[in-house]
């Protein structure tokens, strides 16, 4: 790929990752509740989920999703159900507003004990994996940067997908760091954690409903 095309690919990836969506919302809400480490782990979980879509698309599974309405519908409903589950848990979670600013680090440690970082990682992972729109996005976006007549388009797709994911990490880490910074220094945000959980829950439910209403791609 020419250098100018490579920069265009990276710039487009940055712009796409700056656009708020379920992934960004999960990273920010995790950082607000559990600190910067939780936000970073959430970002890594999202990235791991993207790798699944990239690998699947490279071997043609995403093409099957586009060709098969049944396959798309099954994955769509599983993904929508998971987003609704996450949203309802946030919407009806117990208040998390009683976070002491002076004991923020200790509270984060105790929260990590109740909600291990492993759980944060896998929630991010499944939020991404169970969204068929991510698979279709990669299938639509990445091939635009593969040269016509390439000897091994599947390998090029895989390499570009890896680059897209690595390219997205600074943006996702920045979201986590910014949310954690705000949670540590803004008392209003600390006291409003319960409200933020409700807002995040409602948004996740909205994303789930939107995904459930997504029509299968035309073949």
Simple SL model, points at 7 angstrom along Cα→Cβ for residue 151 and residue 74; separation in nm is 3.8
Nearest-0.05 FRET efficiency for residue 210 and residue 166 at R0 = 25 Å, using Cβ-Cβ distance, is 0.35
Residue span residue 6 to residue 198: 0.36 nm per residue of separation minus Cα-Cα distance leaves a gain in nm of 65.1 nm
With a Förster distance of 25 angstrom and the Cβ-Cβ distance between residue 144 and residue 59, calculated FRET efficiency to the nearest 0.05 equals 0.85
Rounded to one decimal in nm, the spacing of the 7 Å Cα→Cβ label points at residue 182 and residue 122 is 3.0
Most packed first (mean Cβ within 10 Å per residue), the peptides 153-166, 32-45, 3-16, 121-134 order as 32-45, 121-134, 153-166, 3-16
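Quick note: the coordinates plus some simple rules give every number you see, no bench work behind them. Here the structure is a predicted model, which means the values were calculated and not measured. Reconstructed Cβ throughout: ideal geometry from the backbone, glycine too, with neighbour counts over all protein chains shown.
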